[in-house]
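Here is the structure we will look at.
The values are calculated or read from the model by the stated rules, or taken from the named source; none is laboratory data. Computed from a prediction, not measured in an experiment: that's the story for all the values here. Using ideal geometry, Cβ is built from the backbone for each residue, glycine included, and neighbour counts are taken over all protein chains shown. SASA here: full protein model, heavy atoms, side chains in, ligands and nucleic acids out. Shrake-Rupley method; radii C 1.70, N 1.55, O 1.52, S 1.80 Å.
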Amino acid sequence: MRISPARLQAALDAIVAGWAVGALAEARDDSGEVALSSGVSVWGTAIPVDPAGHFRIGSVTKTFTAAAVLQLARDGTLRLDDSVERWLPGVLADGDAITVRHLLMHTAGLYNYTDAWAVAGELDVDVVLSRRDLRVRPEETVALAERRGARFPAGTAIAYNNTGYVLAGMIIERAAGRSYAEHVAKRILAPLQLTGTVVRDDDPHLPDPHAHGYLPGADGPVDVSVFDRSTAWAAGGIVSTARDVNRFFAGLLRGELLGRAELREMLTPTPWVTPSTDSGLGLVRVHLPGGTAVWGKHGGFFGYDTFSFHSPDASRQLTISLTTDSGRSPTTEQVLRHVEFVFDDHA
(Lines give C-alpha, C1' and ligand atoms only; values in the text may rest on other atoms or scores of the structure.)
Protein backbone atom coordinates (compact mmCIF):
# COMPACT_ATOMS: atom_id res chain seq x y z
CA MET A 1 0.00 0.00 0.00
CA ARG A 2 1.08 3.58 -0.50
CA ILE A 3 0.71 4.48 3.18
CA SER A 4 4.03 3.60 4.83
CA PRO A 5 3.50 1.06 7.65
CA ALA A 6 6.84 2.06 9.20
CA ARG A 7 5.88 5.71 9.24
CA LEU A 8 2.44 4.93 10.68
CA GLN A 9 4.03 2.75 13.39
CA ALA A 10 6.35 5.61 14.36
CA ALA A 11 3.39 8.00 14.54
CA LEU A 12 1.39 5.56 16.67
CA ASP A 13 4.37 5.07 19.00
CA ALA A 14 4.65 8.86 19.39
CA ILE A 15 0.95 9.20 20.20
CA VAL A 16 1.21 6.48 22.85
CA ALA A 17 4.32 8.08 24.34
CA GLY A 18 2.44 11.36 24.70
CA TRP A 19 -0.99 10.26 25.89
CA ALA A 20 -1.85 6.57 26.05
CA VAL A 21 -1.36 3.19 27.69
CA GLY A 22 -1.93 1.46 24.38
CA ALA A 23 -3.24 2.05 20.89
CA LEU A 24 -4.34 0.29 17.74
CA ALA A 25 -4.85 1.61 14.24
CA GLU A 26 -6.07 0.50 10.86
CA ALA A 27 -5.18 2.56 7.78
CA ARG A 28 -6.59 1.91 4.33
CA ASP A 29 -6.05 3.17 0.83
CA ASP A 30 -7.25 1.80 -2.49
CA SER A 31 -4.33 -0.62 -2.64
CA GLY A 32 -4.68 -2.29 0.74
CA GLU A 33 -4.80 -1.93 4.51
CA VAL A 34 -2.46 -2.13 7.45
CA ALA A 35 -3.34 -2.82 11.10
CA LEU A 36 -0.84 -1.88 13.81
CA SER A 37 -0.60 -1.43 17.57
CA SER A 38 1.60 0.22 20.17
CA GLY A 39 1.92 0.21 23.92
CA VAL A 40 0.33 -2.43 26.14
CA SER A 41 -3.12 -3.95 26.50
CA VAL A 42 -3.04 -4.13 30.31
CA TRP A 43 -1.45 -1.41 32.45
CA GLY A 44 1.74 -2.50 34.17
CA THR A 45 2.31 -5.51 31.90
CA ALA A 46 4.06 -6.22 28.61
CA ILE A 47 0.94 -7.68 26.97
CA PRO A 48 0.69 -6.13 23.50
CA VAL A 49 -2.44 -4.54 22.06
CA ASP A 50 -4.23 -6.68 19.47
CA PRO A 51 -4.77 -4.52 16.34
CA ALA A 52 -8.05 -6.39 15.72
CA GLY A 53 -9.34 -5.63 19.23
CA HIS A 54 -12.71 -4.21 20.25
CA PHE A 55 -13.11 -0.83 21.90
CA ARG A 56 -15.76 1.67 22.93
CA ILE A 57 -16.10 4.17 20.10
CA GLY A 58 -17.75 6.85 22.25
CA SER A 59 -19.18 9.72 20.25
CA VAL A 60 -18.37 8.12 16.92
CA THR A 61 -21.72 6.52 17.78
CA LYS A 62 -23.27 9.87 16.84
CA THR A 63 -22.35 9.31 13.20
CA PHE A 64 -24.23 5.99 13.26
CA THR A 65 -27.21 7.70 14.92
CA ALA A 66 -27.26 10.59 12.45
CA ALA A 67 -27.05 8.14 9.53
CA ALA A 68 -29.98 6.16 10.94
CA VAL A 69 -32.08 9.33 11.24
CA LEU A 70 -31.23 10.35 7.68
CA GLN A 71 -32.20 6.88 6.42
CA LEU A 72 -35.63 7.41 7.99
CA ALA A 73 -35.78 10.82 6.30
CA ARG A 74 -34.99 9.17 2.95
CA ASP A 75 -37.76 6.65 3.62
CA GLY A 76 -40.21 9.51 4.20
CA THR A 77 -40.83 8.31 7.75
CA LEU A 78 -39.72 11.61 9.30
CA ARG A 79 -38.36 15.01 8.28
CA LEU A 80 -35.35 16.82 9.70
CA ASP A 81 -37.57 19.83 10.30
CA ASP A 82 -40.06 17.83 12.37
CA SER A 83 -40.26 19.11 15.92
CA VAL A 84 -39.25 16.95 18.87
CA GLU A 85 -42.80 17.43 20.11
CA ARG A 86 -44.08 15.74 16.95
CA TRP A 87 -42.30 12.50 17.88
CA LEU A 88 -41.87 12.76 21.66
CA PRO A 89 -44.87 14.72 22.96
CA GLY A 90 -44.38 16.24 26.38
CA VAL A 91 -40.75 15.15 26.77
CA LEU A 92 -39.27 18.66 26.37
CA ALA A 93 -40.70 21.93 27.65
CA ASP A 94 -39.65 23.59 24.37
CA GLY A 95 -40.26 20.57 22.17
CA ASP A 96 -42.25 22.59 19.62
CA ALA A 97 -39.26 24.89 19.01
CA ILE A 98 -36.57 22.18 18.72
CA THR A 99 -36.29 20.17 15.52
CA VAL A 100 -34.62 16.90 14.65
CA ARG A 101 -32.07 18.93 12.68
CA HIS A 102 -31.27 20.98 15.80
CA LEU A 103 -30.53 17.76 17.69
CA LEU A 104 -28.13 16.46 15.05
CA MET A 105 -26.46 19.83 14.50
CA HIS A 106 -25.83 20.57 18.20
CA THR A 107 -27.96 23.70 17.99
CA ALA A 108 -30.86 22.57 20.22
CA GLY A 109 -29.55 24.52 23.24
CA LEU A 110 -30.30 21.74 25.72
CA TYR A 111 -28.23 21.12 28.82
CA ASN A 112 -25.46 18.63 28.02
CA TYR A 113 -26.07 15.85 30.53
CA THR A 114 -22.41 14.78 30.75
CA ASP A 115 -21.60 18.21 32.23
CA ALA A 116 -23.17 16.90 35.44
CA TRP A 117 -20.13 14.62 35.83
CA ALA A 118 -17.65 17.50 35.97
CA VAL A 119 -16.44 19.90 38.65
CA ALA A 120 -15.00 23.21 37.48
CA GLY A 121 -14.75 21.77 33.98
CA GLU A 122 -12.77 18.69 35.07
CA LEU A 123 -14.14 15.14 35.02
CA ASP A 124 -15.22 14.03 38.51
CA VAL A 125 -13.70 10.55 38.51
CA ASP A 126 -15.48 9.49 41.71
CA VAL A 127 -18.86 10.30 40.17
CA VAL A 128 -18.00 8.40 37.01
CA LEU A 129 -16.72 5.35 38.89
CA SER A 130 -19.93 5.28 40.93
CA ARG A 131 -21.87 4.83 37.66
CA ARG A 132 -20.02 1.77 36.35
CA ASP A 133 -22.89 -0.63 37.14
CA LEU A 134 -25.74 1.86 36.71
CA ARG A 135 -28.46 1.14 34.15
CA VAL A 136 -29.90 4.36 32.79
CA ARG A 137 -33.01 4.79 30.66
CA PRO A 138 -32.91 7.49 27.96
CA GLU A 139 -35.94 9.17 29.52
CA GLU A 140 -34.01 9.58 32.77
CA THR A 141 -31.09 11.20 30.94
CA VAL A 142 -33.38 13.68 29.19
CA ALA A 143 -35.22 14.45 32.43
CA LEU A 144 -31.89 15.30 34.11
CA ALA A 145 -31.10 17.74 31.30
CA GLU A 146 -34.54 19.30 31.49
CA ARG A 147 -34.16 19.92 35.23
CA ARG A 148 -30.93 21.85 34.54
CA GLY A 149 -32.62 24.13 32.02
CA ALA A 150 -31.75 25.23 28.49
CA ARG A 151 -28.42 26.81 27.55
CA PHE A 152 -29.82 28.97 24.74
CA PRO A 153 -32.88 29.14 22.44
CA ALA A 154 -32.79 26.51 19.72
CA GLY A 155 -31.05 27.59 16.54
CA THR A 156 -29.33 30.66 18.01
CA ALA A 157 -25.92 29.10 18.79
CA ILE A 158 -23.98 25.86 18.51
CA ALA A 159 -22.60 23.83 21.44
CA TYR A 160 -21.66 20.16 21.57
CA ASN A 161 -24.54 18.27 23.12
CA ASN A 162 -24.90 14.61 24.07
CA THR A 163 -28.51 15.06 25.22
CA GLY A 164 -29.59 15.83 21.68
CA TYR A 165 -28.35 12.48 20.43
CA VAL A 166 -30.13 10.60 23.21
CA LEU A 167 -33.30 12.31 21.99
CA ALA A 168 -32.41 11.37 18.41
CA GLY A 169 -32.18 7.73 19.50
CA MET A 170 -35.60 8.00 21.15
CA ILE A 171 -37.04 9.47 17.93
CA ILE A 172 -35.53 6.62 15.90
CA GLU A 173 -37.30 4.13 18.17
CA ARG A 174 -40.64 5.95 17.89
CA ALA A 175 -40.43 6.42 14.13
CA ALA A 176 -39.06 2.96 13.28
CA GLY A 177 -41.20 1.05 15.75
CA ARG A 178 -38.28 -0.96 17.13
CA SER A 179 -35.38 -0.48 19.51
CA TYR A 180 -32.44 1.72 18.60
CA ALA A 181 -30.10 -1.29 18.69
CA GLU A 182 -32.36 -3.38 16.46
CA HIS A 183 -32.77 -0.57 13.96
CA VAL A 184 -29.05 0.23 13.66
CA ALA A 185 -28.25 -3.49 13.38
CA LYS A 186 -30.75 -3.98 10.55
CA ARG A 187 -30.15 -0.77 8.58
CA ILE A 188 -26.40 -0.25 9.07
CA LEU A 189 -24.56 -3.24 10.53
CA ALA A 190 -26.13 -5.92 8.34
CA PRO A 191 -25.80 -4.16 4.95
CA LEU A 192 -22.15 -3.30 5.62
CA GLN A 193 -21.36 -6.64 7.31
CA LEU A 194 -20.02 -4.97 10.45
CA THR A 195 -19.67 -8.23 12.34
CA GLY A 196 -17.43 -6.81 15.07
CA THR A 197 -19.80 -4.00 16.06
CA VAL A 198 -22.10 -4.19 19.09
CA VAL A 199 -24.96 -1.71 19.59
CA ARG A 200 -26.87 -3.50 22.34
CA ASP A 201 -25.74 -2.24 25.74
CA ASP A 202 -27.06 -4.97 28.05
CA ASP A 203 -23.59 -6.48 28.58
CA PRO A 204 -21.04 -4.17 30.27
CA HIS A 205 -18.11 -6.33 29.14
CA LEU A 206 -16.15 -5.81 25.94
CA PRO A 207 -15.82 -8.72 23.50
CA ASP A 208 -12.39 -10.34 23.31
CA PRO A 209 -9.85 -9.36 22.30
CA HIS A 210 -9.77 -5.88 23.83
CA ALA A 211 -7.35 -3.54 25.53
CA HIS A 212 -8.15 -2.20 29.00
CA GLY A 213 -8.97 1.45 29.61
CA TYR A 214 -8.38 3.28 32.88
CA LEU A 215 -9.29 6.31 34.94
CA PRO A 216 -6.96 7.79 37.56
CA GLY A 217 -7.67 6.62 41.11
CA ALA A 218 -6.23 7.50 44.50
CA ASP A 219 -4.13 4.32 44.47
CA GLY A 220 -3.30 4.25 40.77
CA PRO A 221 -5.18 3.56 37.54
CA VAL A 222 -8.67 2.05 37.92
CA ASP A 223 -9.68 -0.43 35.23
CA VAL A 224 -12.94 0.72 33.58
CA SER A 225 -13.04 -1.81 30.77
CA VAL A 226 -16.23 -3.20 32.36
CA PHE A 227 -18.77 -0.37 32.28
CA ASP A 228 -22.51 -0.15 31.66
CA ARG A 229 -22.87 1.76 28.38
CA SER A 230 -26.56 2.66 28.76
CA THR A 231 -25.50 6.03 30.16
CA ALA A 232 -24.17 6.89 26.67
CA TRP A 233 -26.60 4.93 24.45
CA ALA A 234 -27.29 6.62 21.09
CA ALA A 235 -24.83 9.40 21.95
CA GLY A 236 -21.81 7.19 22.64
CA GLY A 237 -22.52 3.56 23.52
CA ILE A 238 -21.42 1.51 20.50
CA VAL A 239 -18.51 -0.98 20.64
CA SER A 240 -16.61 -1.74 17.45
CA THR A 241 -13.25 -2.47 15.82
CA ALA A 242 -11.02 -0.32 13.63
CA ARG A 243 -11.84 -2.50 10.64
CA ASP A 244 -15.58 -2.02 11.15
CA VAL A 245 -15.36 1.71 11.80
CA ASN A 246 -13.40 2.19 8.59
CA ARG A 247 -15.89 0.05 6.71
CA PHE A 248 -18.77 2.09 8.16
CA PHE A 249 -17.29 5.41 7.03
CA ALA A 250 -16.45 3.98 3.61
CA GLY A 251 -20.03 2.85 3.17
CA LEU A 252 -21.36 6.17 4.41
CA LEU A 253 -19.16 8.43 2.28
CA ARG A 254 -19.58 6.29 -0.85
CA GLY A 255 -23.37 6.42 -0.69
CA GLU A 256 -24.07 2.84 0.37
CA LEU A 257 -26.25 3.91 3.31
CA LEU A 258 -27.89 7.16 2.17
CA GLY A 259 -29.29 8.70 -0.97
CA ARG A 260 -27.51 11.63 -2.57
CA ALA A 261 -29.76 14.24 -0.99
CA GLU A 262 -29.38 12.81 2.51
CA LEU A 263 -25.61 12.43 2.20
CA ARG A 264 -25.35 16.00 0.94
CA GLU A 265 -27.42 17.11 3.95
CA MET A 266 -25.11 15.22 6.30
CA LEU A 267 -21.96 16.70 4.75
CA THR A 268 -23.15 20.30 4.49
CA PRO A 269 -20.75 22.13 6.82
CA THR A 270 -21.82 24.46 9.57
CA PRO A 271 -19.30 26.81 11.23
CA TRP A 272 -17.78 24.99 14.22
CA VAL A 273 -15.60 26.04 17.13
CA THR A 274 -12.16 26.39 15.54
CA PRO A 275 -10.92 27.96 12.31
CA SER A 276 -9.82 24.55 11.00
CA THR A 277 -12.98 22.57 11.81
CA ASP A 278 -16.61 22.69 10.81
CA SER A 279 -19.52 20.36 11.42
CA GLY A 280 -21.94 18.28 9.41
CA LEU A 281 -24.68 16.15 10.96
CA GLY A 282 -23.03 13.68 13.33
CA LEU A 283 -19.50 14.20 12.03
CA VAL A 284 -16.93 16.95 11.45
CA ARG A 285 -14.68 18.16 8.67
CA VAL A 286 -11.10 19.02 9.62
CA HIS A 287 -8.86 21.10 7.39
CA LEU A 288 -5.35 19.75 7.86
CA PRO A 289 -2.37 22.14 7.89
CA GLY A 290 -1.26 20.88 4.48
CA GLY A 291 -4.60 21.88 2.95
CA THR A 292 -6.33 18.49 2.81
CA ALA A 293 -9.85 18.22 4.28
CA VAL A 294 -10.94 15.01 6.00
CA TRP A 295 -14.31 13.92 7.39
CA GLY A 296 -14.78 11.89 10.55
CA LYS A 297 -15.28 11.98 14.29
CA HIS A 298 -13.54 11.78 17.64
CA GLY A 299 -15.23 9.84 20.42
CA GLY A 300 -14.39 9.18 24.05
CA PHE A 301 -15.83 6.84 26.66
CA PHE A 302 -13.98 6.67 30.02
CA GLY A 303 -10.55 5.22 29.32
CA TYR A 304 -11.08 4.90 25.56
CA ASP A 305 -10.62 7.40 22.74
CA THR A 306 -11.39 6.88 19.07
CA PHE A 307 -10.17 9.06 16.20
CA SER A 308 -11.61 8.11 12.81
CA PHE A 309 -10.94 10.32 9.77
CA HIS A 310 -11.29 9.81 6.03
CA SER A 311 -10.77 11.50 2.70
CA PRO A 312 -14.12 12.65 1.21
CA ASP A 313 -14.20 9.69 -1.19
CA ALA A 314 -12.92 7.26 1.48
CA SER A 315 -9.86 6.45 -0.65
CA ARG A 316 -7.71 7.18 2.42
CA GLN A 317 -8.95 6.04 5.83
CA LEU A 318 -7.57 5.91 9.35
CA THR A 319 -9.12 4.78 12.62
CA ILE A 320 -7.17 4.89 15.89
CA SER A 321 -8.25 3.67 19.32
CA LEU A 322 -6.33 4.81 22.39
CA THR A 323 -6.61 3.48 25.93
CA THR A 324 -5.74 6.04 28.57
CA ASP A 325 -5.19 6.25 32.31
CA SER A 326 -5.16 10.00 32.95
CA GLY A 327 -8.81 10.94 32.45
CA ARG A 328 -7.66 13.31 29.69
CA SER A 329 -7.44 12.86 25.95
CA PRO A 330 -5.37 14.36 23.16
CA THR A 331 -7.26 16.69 20.86
CA THR A 332 -8.18 15.74 17.33
CA GLU A 333 -5.69 18.30 16.08
CA GLN A 334 -2.88 16.79 18.19
CA VAL A 335 -3.54 13.30 16.84
CA LEU A 336 -3.96 14.37 13.22
CA ARG A 337 -0.73 16.34 13.40
CA HIS A 338 1.08 13.00 13.79
CA VAL A 339 -0.78 11.17 11.03
CA GLU A 340 -1.51 13.86 8.43
CA PHE A 341 0.79 12.03 5.99
CA VAL A 342 -1.79 9.21 5.72
CA PHE A 343 -3.97 11.55 3.68
CA ASP A 344 -1.14 12.81 1.46
CA ASP A 345 -1.09 11.26 -1.99
CA HIS A 346 2.70 11.57 -1.95
CA ALA A 347 3.19 9.83 1.43
Loop trypsin sites (Lys or Arg not before Pro), segment 52-124 (other Cβ atoms within 10 Å of the site Cβ: 15 or fewer; DSSP):
Arg79
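Scaled to the compact-protein estimate 2.2 N^0.38 Å, what is the alpha-carbon radius of gyration of segment 114-259, rounded to two decimal places? Kindly include the intermediate steps, with their values, before the conclusion.
Values: Rg = 17.0 Å, N = 146, 2.2 N^0.38 = 14.6 Å.
Ratio of Cα Rg to 2.2 N^0.38 Å: 1.17.
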Using a probe of 1.4 angstrom, how much of the accessible area of the chain is carbon and sulfur, in percent?
51 percent
What is the spin-label model distance, in nm, from Ser326 to Lys186 if the labels are put 7 Å beyond Cα along the C-beta direction?
4.5 nm
Please quote Rg/Rh for the chain to two decimal places, taking the Kirkwood radius as Rh and restricting both calculations to Cα atoms.
0.94
What percent does the relative contact order of the chain come to when contacts are Cα pairs within less than 8 Å and at least six residues apart?
25 percent
In square angstrom, rounded to the nearest 10, how much accessible surface does Asp126 have for a 1.4 Å probe?
120 Å²
Could you compute how fast segment 221-307 diffuses translationally, taking Rh as the Kirkwood radius over C-alpha pairs and applying Stokes-Einstein at 4 °C with viscosity 1.567 mPa s? Give it in µm² per second.
87 µm²/s
Among Ser4, Ser38, Thr323, flag the residue with its Cα farthest along the positive direction of the charge dipole of the chain, charges on Cβ as +1 for Lys/Arg and -1 for Asp/Glu.
Ser4
Cβ-based net charge around Ala168, under 13 Å, with every Lys or Arg adding one and every Asp or Glu removing one
+1
Nearest-20 debye value, segment 113-243 charge dipole, Cβ charges on Lys, Arg, Asp, Glu:
660 debye
Amide H of Val40: which non-local residues (sequence gap of 5 or more, or other chain) have their own amide H closer than 5 Å, using H built in the peptide plane?
Gly22, Ala23
For segment 101-115, 3J(HN,Hα) per residue [Karplus equation, 6.51 cos²θ - 1.76 cosθ + 1.60, θ = phi - 60°, Hz, x = Gly/Pro]
4, 4, 4, 6, 8, 6, 10, 6, x, 6, 5, 7, 4, 6, 5
Find the Cα radius of gyration of segment 1-125, compare it with 2.2 N^0.38 Å by division, and give the number to two decimals.
1.52
Rounded to the nearest 500, what is the 222 nm mean residue ellipticity of the chain from helices alone, with -39500 (n - 2.57) per DSSP H run of 4+ residues and division by all residues?
-8500 deg cm²/dmol
Over segment 59-139, what is the relative contact order in percent, taking alpha-carbon pairs closer than 8 angstrom and at least six residues apart?
16 percent
Quick check: the distance between the Cα centres of segment 228-296 and segment 120-161, to the nearest angstrom?
22 Å
Would you kindly state how much longer the chain becomes between Phe152 and Glu139 on full extension, computed as 0.36 nm times their sequence separation minus their alpha carbon distance, in nm to one decimal?
2.6 nm
Please report the accessible area of Leu263 (heavy atoms, 1.4 Å probe, ligands and nucleic acids excluded) in Å², nearest 10.
20 Å²
